[in-house]
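A quick write-up on the structure given underneath.
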Amino acid sequence: MTPPDPREQTIALLYQALEPPVIDGARKEAKPGGYSDSGADIGVALLAAGCTLATPVADPDPTRVFDWVWPDTEQGIAAALEAGATLLWANTVVFEGHPIEAASRKAWIVGPDPQAMQEIDDKAATNARLLAAGLPVARSWLIDGDGDIDAQLAPFAAKVPIVVKPLRGRGSQGVGVARTREQLFEQVRDLAESRRFGAAIMLEQFLPGQEITITVMPAACRDGATTPFALPPVRRFDQIGDVASYNGDVPVSRNSAAMTPGQCADPAIVAVVAACEQAAALLEIRSPMRIDCRADGEGTYFLFDVNAKPNLTGSGRPGREDEDSLSTIAAAAIGWSYPDFLVATARGAWTNRNLSA
């Protein structure tokens, strides 16, 4: 089915009003503001690109984020459709049973498929799936925070340094590198006892080399593309304890930069970019996906975190000059402005509507 021209649609932007459910003991924490900030960024940029929006108020103010976005609840989506929306931009975390599933039978959708995103958000299962396909993926192991933690961690005491992270985390929240046996036990116990991210905890192979992030776009986002394609990798630096700062604390524009054409020609980079494109094809992405990668001591890169809902903030609104995201930094490296990137993203819209009826 051919996606629509975004400029011929009326677009409504959704923000996260629904709390993500606990799934198999793991919890993905809701973002404060529910991505309403990036929703407003997207709205202002789409207007600049000549798109038509359905907004909760007639004359939205660029400084008031909730003038631009609708809640991702059943009622909020119904109100957006009633306001004339023909395309819903799901700038939110979706999951199996999310109201966007029903809405996809009435409108075009920009964003990941709910069931696919729920599966991808299980970091251990996604890593195992990609590893089984022969892709270079960091090794990982699951820890049950409700079980005997000491017994489960005993085999890993000699594997430090090792990464400790929530199974369904958001960004770098809850992520740490344990460099001693004592730190390993302490970090895992702290995550388990806090219950902030549920009981499911993941241990991951520590990779000491350069960290990069790669945004992969669906084929529908570019004329002539038949498979997902990657934007230039973005290099991460100024990490704290070998963990990238959460973008809510430090804007990524201050600790990230797109790699130059010369850097992108490095065989190790060429190989990992190809691996990310293969991963996106395997996962049948419907919207931009961000994959974090890191090199081992020999310079070989491994995929370690797949993000089906990357942050899409961008400069353009008053006071947002420093709010470009990793994906928009990558887009700028191929000459796409923020509005260009968003229009390309919207070209990947999908629907479960029967258009032949």
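Below are the figures for this structure:
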| quantity | calculated |
| --- | --- |
| Flag if A178 is crowded, with 20+ Cβ neighbours inside 10 Å and without any contact (Cβ under 8 Å) to a residue 24 or more places away in the chain | yes |
| Yes/no for A17 being open to solvent by 20 Å² or more (accessible area, probe 1.4 Å), in contact with a helix residue (DSSP H, G or I) (Cβ under 7 Å, 6 or more places away or on another chain) and at pLDDT 95 or above | yes |
| Which listed residue is under 22 Å from the mean Cα position of the chain (by Cα) and either modelled with pLDDT of 95 or more or in a loop (DSSP other than H, G, I, E, B) (or both), from L142, L135, L81 | L135 |
| Subset of region 246-305 [under 14 Å from the mean Cα position of the chain (by Cα) and of a type in the set (K, R)] | R286, R290 |
| Residue in region 191-207 that is of a type in the set (D, E, K, R), crowded, with 20+ Cβ neighbours inside 10 Å and farther than 30 Å from D340 by Cβ present | yes |
| Contacts under 6 angstrom Cβ, first residue in region 325-346 being modelled with pLDDT of 95 or more, partner aromatic (F, W, Y), 6 or more apart | T328/Y338; T328/F341; A331/F341 |
| Sole residue being surrounded by 21 or more Cβ atoms within 10 Å (Cβ to Cβ) and of a type outside the set (S, T, Y), chosen from A308, A332, A281, A295 | A308 |
| Hits in region 34-69 (condition: of a type outside the set (A, V, I, L, M), over 25 Å from P251 (Cα atoms) and without any contact (Cβ under 8 Å) to a residue 12 or more places away in the chain) | D59 |
| Filter result (part of a loop (DSSP other than H, G, I, E, B) and open to solvent by 20 Å² or more (accessible area, probe 1.4 Å)) within region 96-111 | E96, G97, P99, R105, K106 |
| The one condition in (1) open to solvent by less than 10 Å² (accessible area, probe 1.4 Å); (2) touching a strand residue (DSSP E or B) at 6+ places or on another chain (Cβ under 8 Å) that V93 fails to fulfil | (2) |
| Candidate set: region 145-175, residues that are within 24 Å of the chain's Cα centre (by Cα) and among the hydrophobic types (A, V, I, L, M, F, W, C); chosen: the one most open to solvent (accessible area, probe 1.4 Å) | V175 |
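The values are calculated or read from the model by the stated rules, or taken from the named source; none is laboratory data. Just so it is clear, the structure is predicted and the values come from calculations on it, not from any experiment. For neighbour counting, all protein chains shown are included, and Cβ atoms are generated from backbone atoms with ideal geometry for every residue, glycine included. For accessibility, only protein heavy atoms count, side chains too; no ligands or nucleic acids. Shrake-Rupley method; radii C 1.70, N 1.55, O 1.52, S 1.80 Å.
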